[in-house]
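Please read the structure below before turning to the comments.
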Amino acid sequence: MVDVKDKKKRMEDYLEAIYNIQKSERRVARTTDLARVLEVRPSSVTEMLLKLSDMGYVEYTPYRGVILTKKGEEVAVRIRRYHKIFEAFFYSFLGVDRSEAHRLSCEIEHHVSEDVALKICTLIANECNLCDVCEFKVFKLSYAEPGTYRVIVSPVSLRDIGIEPGVVLKVTGQLKIEVNGNVLSISEKYASLILLERVE
């Protein structure tokens, strides 16, 4: 019996492959294209395309090819975006080998929520160049100027002193903050692990 998550992954792999062919080659995707890219039999491709067509993700005409519907393109764009985010995280942020970063991203892209993807985006905002204009303006506490900030990322071990994602705090000086009425001095080690966004 095929696992539901595995079915979802296979469907999304097809949608992403169709999207890539449409965008890179400016044409409809053919059964032979998908069989080659996904390393499956042409008969398996036909079977999946019929299912995706019934679900409204593609428009499929046997012997002519397949194109994504708006619904299918939305899924493909989301999965492609998640892949790029995680590949940048593994390769540029963690320094993982590029081929391994790609392999890991191919697996993870199917199993994350938008919330998780946005958190990773925030984490790598200063390290990547995926977007023309980054919507995330984040600062390490180490470099934050005095002002009011919201915590985006912080070590779990700091929750006991009131520092966790979502908390608003004031930076009052070099490595000095005020949170929940308490004035705290943060070590350089922890300050480099706390990411903040300025509160207007």
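Points to keep in mind about this one:
- Listed pairs Lys84/Lys137; Lys23/Lys84; Lys8/Lys137; Lys70/Lys119; Lys9/Lys70; Lys71/Lys137 exceeding 23 Å between Cα atoms: Lys8/Lys137; Lys70/Lys119; Lys71/Lys137
- Sequence-distant residues sharing a close amide H with Ala29 (under 5 Å, placed H): Val66
- Against the chain, whose longest principal axis is taken from its Cα atoms, helix 4-25 shows a tilt of about 80°.
- Using alpha-carbon coordinates, inclination of helix 114-124 to the longest axis of the chain, degrees: 60
- Nearest 10 degrees, 0 to 90: helix 70-88 Cα axis against the chain principal axis: 50
- Of all lysines in the structure, the ones whose alpha carbon falls short of 17 Å from that of Lys7, not counting any fewer than 8 places away in one chain, are Lys51.
- Shape category assigned to segment 4-68 from the gyration tensor of Cα positions, a/c cut at 1.5: rounded
- Gain on full stretching of the segment that runs from Ser92 to Arg27 - 0.36 nm per residue minus C-alpha separation: 20.2 nm
- Cα gyration tensor shape for segment 73-124, rounded if a/c is under 1.5, else prolate or oblate: oblate
- Over 24 Å [Cα-Cα, segment 74-200], rounded percent: 35
Every read-out reported here was derived from the displayed coordinates using simple, explicitly stated rules and does not represent laboratory data. Keep in mind it's a predicted model, so treat the numbers as computed, not measured.
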